[in-house]
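Worksheet: one structure, shown below.
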Amino acid sequence: MIDDSRIHQRGIRDNGHLAGRLPHVRGTKELDDDGGEGACAAFGYLRGIRERGVAVEIRFLNGNSTWFPYNWLGNWEFNPSEGILLKFTGDIVYLVLIRGSNLDQPLAETNTNLTSSGLQRHRIVWMREMSEEEIRQVGETGPTIDSIKVAEFESQDAIKEWLQKNAPSFLH
């Protein structure tokens, strides 16, 4: 018996006008690689559209890394002029401020980006600070991460003070 849905999906995938616009169609690059990781210079992600990460690793230029479990991730905000602010709550509160450019831009070969299809869906497995040379190489063609600041807090007043100094547009 012929699977008509596969024939239909292949027809859509092979249509030059529709190619790459329908990530939900089996056979597009994003779903062909149901498992494993993909990466760009700024971050790594799980390829399977339904895959979920357990934690996200923050890689610093000095070689150090910090991991945060996704189940600690509370609200987070994206402001194109300021960056991404993540709030992780465990024993204490951690704020992670990610600054860069094109942080919400989809990668050329997939529909994955750092924000809506990455962090929001818990598919980002690592993010890293990039050197000036790496940022120049990527240019405007993709996302770059200039800096990542991680701070820990025990009071709401300390959070407000830190935000006032480091990212005032995230104050409400």
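In table form, for the structure just shown:
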quantity: With all protein chains modelled, accessible area of Glu152 [1.4 Å, Å²]; calculated: 120 Å²
quantity: Mean separation of Cα contacts under 8 Å (6+ apart) over length of the range 77-118, as relative contact order %; calculated: 28 percent
quantity: Loop trypsin sites (Lys or Arg not before Pro), the range 50-158, which have at most 10 other Cβ atoms in a 10 Å radius of their Cβ (DSSP); calculated: Arg50, Arg52
quantity: Surface share of carbon and sulfur [accessible, 1.4 angstrom probe, percent] for the range 30-172; calculated: 46 percent
quantity: Under 5 Å, built H, 5+ apart or other chain: amide partners of Leu61; calculated: Glu129
quantity: Amide H contacts under 5 Å for Val93, placed H, 5+ residues apart; calculated: Phe153
quantity: Cα gyration tensor shape for the range 92-134, rounded if a/c is under 1.5, else prolate or oblate; calculated: oblate
quantity: Residue-wise HN-Hα coupling along the range 65-70, computed from phi with Karplus coefficients 6.51, -1.76, 1.60 (Hz; x: Gly, Pro); calculated: 9, 9, 10, 10, x, 4
quantity: The range 104-172, relative contact order [Cα under 8 Å, separation at least 6], %; calculated: 22 percent
quantity: Computed over the range 27-166, the ratio Rg/Rh where both radii use C-alpha atoms and Rh is Kirkwood; calculated: 0.97
quantity: Residue-normalised accessible area of the range 31-119, given per residue in Å² at a 1.4 Å probe; calculated: 47 Å²
quantity: Per-residue HN-Hα couplings for the range 144-160 [Karplus 6.51, -1.76, 1.60; θ = phi - 60°; Hz; x = Gly/Pro]; calculated: 9, 10, 6, 7, 10, 10, 10, 9, 10, 9, 10, 9, 5, 4, 5, 4, 4
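The values are calculated or read from the model by the stated rules, or taken from the named source; none is laboratory data. These figures come from a predicted structure and were not determined experimentally. So basically every Cβ, Gly included, is an ideal-geometry build from the backbone, and we count neighbours across all protein chains shown. Just so you know, the surface numbers come from the protein's heavy atoms only, side chains and all, with ligands and any DNA or RNA stripped out. Shrake-Rupley method; radii C 1.70, N 1.55, O 1.52, S 1.80 Å.
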